[in-house]
Amino acid sequence: MAINYTEDIQIEKSKTSKIANVDFNNLAFGRVFSDHMLVCDFKNGEWQNPSIVPYQPVTLEPSAKIFHYGQSIFEGMKAYKDSDNNVFLFRPVDNFNRLNISAKRLAMPELPEACFMNGLKELIKLEKDWIPTSEGSSLYIRPFMFATGQGFHASPANAYKFIIACAPSGSYFSGKVKVLIEEKYSRSANGGVGFAKAGGNYAGQFYPTQLANNRGYQQVIWTDDNTHEYIEEAGAMNIFVRINDTLLTVPTSDRILDGITRKSILTIAEAEGIDVEVRKIKVAELIEASENGSLKELFGAGTAAVVSPISGFGFKGKDYELPELENTYGALLKKRITDIQTNKSDDPYGWRVKVC
Ligand SMILES: *Cc1c(COP(=O)(O)O)cnc(C)c1O
């Protein structure tokens, strides 16, 4: 039978719902999971039809290659509900495309678009009640793929599993974030996998981040692996800098993840008439701008927080403070994006996708 992914997706509903046990007014990020998940297996050289099943453990052989060779990639996106209970996704095809960019780099099979998009929409329709409605909250969606095929031989697996799981999440406020500009460790390298959303990229970030935490910094600003002279990303977020009234970010490359929030910010900032520059940024330029008072804002950009303001940074044993501004670019851009996401404003770019 041909696999076309457009037939009705088989749904096995959970017998009981966990939803009554969830305190929707006190949601942490990614700690409670909704009742169902989408599952799709790759075997015999092709993706099978996806199905929706109760959220449950995955059983794997100890020889599954995910455990040995780390073929594991993921995406992060959100579903939003407006005041009339309409449900929306934000630029979901971009997440789908990026998943396949990651898959290709990790020698994993690319997923058909219909499998991802139809599966996602069916799952979100079913989990509609799990989408929180209070200001800033949303249903965080985690699509991910990993190697289930077996063998200790160091080669790509012949079987994979794709899953989409969901976690209702409250507004993501990390407080004042102080960051350390990294001079020794690297998140990614030329020719490496930095542009892919690969689990291993995160594993490699944890230890340097712990060292920074021990020194009183919440996050690391990654610099280029070759010279450590140029800033690249803020933790697992893209980085933005405001010098005087110009908003700067660095170009994407094979070391830097092509963030959907980053490119949305660039589009909106230009529409707002903000002077935008995409170019390399030296650590020395940041320090000079901090010392002469032209450094106004520094923030990370990513799906979870949209914009995460940075209050100061450390470099070579010295700390630099950012000024406390009102009416920041960061706050304005965050509002513009979340207004589009939650259907509070027009969407001139066609980014919002109505699910139900
Ligand atoms: C996911 C991610 C981002 C942000 O991407 P968004 O699409 O905006 O969520 C930035 N940097 C890294 C390293 C990431 O993994």
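The values are calculated or read from the model by the stated rules, or taken from the named source; none is laboratory data. What you are looking at is a predicted structure, and each value in this text was computed from that prediction instead of being measured. We place every Cβ from the backbone using ideal geometry, glycine too, and count neighbours over all the protein chains shown.
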Regarding the stretch 42-60, can at least one residue be identified that is crowded, with 17+ Cβ neighbours inside 10 Å and within 16 Å of the ligand (Cβ to nearest atom)?
no
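Kindly evaluate Pro50 against the criterion of being at pLDDT 95 or above, in contact with an Asp or Glu (Cβ under 9 Å, 6 or more places away or on another chain) and not assigned by TED's automatic domain parsing to the domain that holds Met237. Before the answer, list the steps.
Numbers: at pLDDT 95 or above: yes; in contact with an Asp or Glu (Cβ under 9 Å, 6 or more places away or on another chain): yes; not assigned by TED's automatic domain parsing to the domain that holds Met237: yes.
In short, yes.
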Hits in the stretch 184-200 - residues which are buried (at least 18 other Cβ atoms within 10 Å of the Cβ) and among the aromatic types (Phe, Trp, Tyr):
Phe195
Just one of the numbered conditions (1) outside the structural domain of Phe116 (by TED's automatic domain parsing); (2) of a type in the set (D, E, K, R); (3) touching a residue at least 60 places away in the same chain (Cβ under 8 Å) is not true of Lys161; which one?
(1)
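Conditions tested, residue by residue: (1) in the same structural domain as Val241 (by TED's automatic domain parsing); (2) over 30 Å from Ser134 (Cα atoms); (3) modelled with pLDDT under 95.
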| site | (1), (2), (3) |
| --- | --- |
| Gly293 | yes, yes, no |
| Glu297 | yes, no, no |
| Gly302 | yes, no, no |
| Ala305 | yes, no, yes |
| Tyr329 | yes, no, no |
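Take the stretch 340-353 and flag every residue that is out of contact with any Phe, Trp or Tyr (no Cβ under 8 Å at 6 or more places or on another chain), of a type outside the set (S, T, N, Q) and surrounded by 14 or more Cβ atoms within 10 Å (Cβ to Cβ). Let's see the steps before the verdict.
Of all residues in the stretch 340-353, those out of contact with any Phe, Trp or Tyr (no Cβ under 8 Å at 6 or more places or on another chain) come to 344-350.
From what is left, the residues that are of a type outside the set (S, T, N, Q) are 344, 346-350.
The answer is Asp347, and nothing else.
Please work out which residue is surrounded by the most Cβ atoms within 10 Å (Cβ to Cβ), limiting yourself to the stretch 205-223 and to residues that are over 18 Å from Glu75 (Cα atoms) and within 15 Å of the ligand (Cβ to nearest atom). Even if it seems obvious, please write down each step before you answer.
Pass one, the stretch 205-223, residues over 18 Å from Glu75 (Cα atoms): 206-223.
Still in the list and also within 15 Å of the ligand (Cβ to nearest atom): 206, 208-209, 219-223.
Values: Phe206: 10, Pro208: 17, Thr209: 21, Gln219: 23, Val220: 23, Ile221: 24, Trp222: 26, Thr223: 23.
That would be Trp222.
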Yes/no for Glu12 being over 23 Å from Pro156 (Cβ atoms) and not β-branched (Val, Ile, Thr)
yes
Filter the stretch 225-280 for residues that are among the small types (Gly, Ala, Ser) and farther than 26 Å from Gly350 by Cβ; which is farthest from the ligand (Cβ to nearest atom)?
Ser253
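How about the stretch 83-94: which of its residues are surrounded by fewer than 16 Cβ atoms within 10 Å (Cβ to Cβ) and out of contact with any strand residue (DSSP E or B) (no Cβ under 7 Å at 6 or more places or on another chain)?
We begin by selecting, within the stretch 83-94, every residue surrounded by fewer than 16 Cβ atoms within 10 Å (Cβ to Cβ); these are 83-86, 93.
Scanning the stretch 83-94 gives Ser83, Asp84, Asn85, Val93.
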Exactly one condition in (1) within 13 Å of the ligand (Cβ to nearest atom); (2) surrounded by 22 or more Cβ atoms within 10 Å (Cβ to Cβ); (3) among the polar types (S, T, N, Q) is false for Asn97; which is it?
(2)
Residue under question is Glu272, and the condition is that it be under 19 Å from Leu180 (Cα atoms), surrounded by fewer than 21 Cβ atoms within 10 Å (Cβ to Cβ) and out of contact with any Cys (no Cβ under 7 Å at 6 or more places or on another chain); does it hold?
no
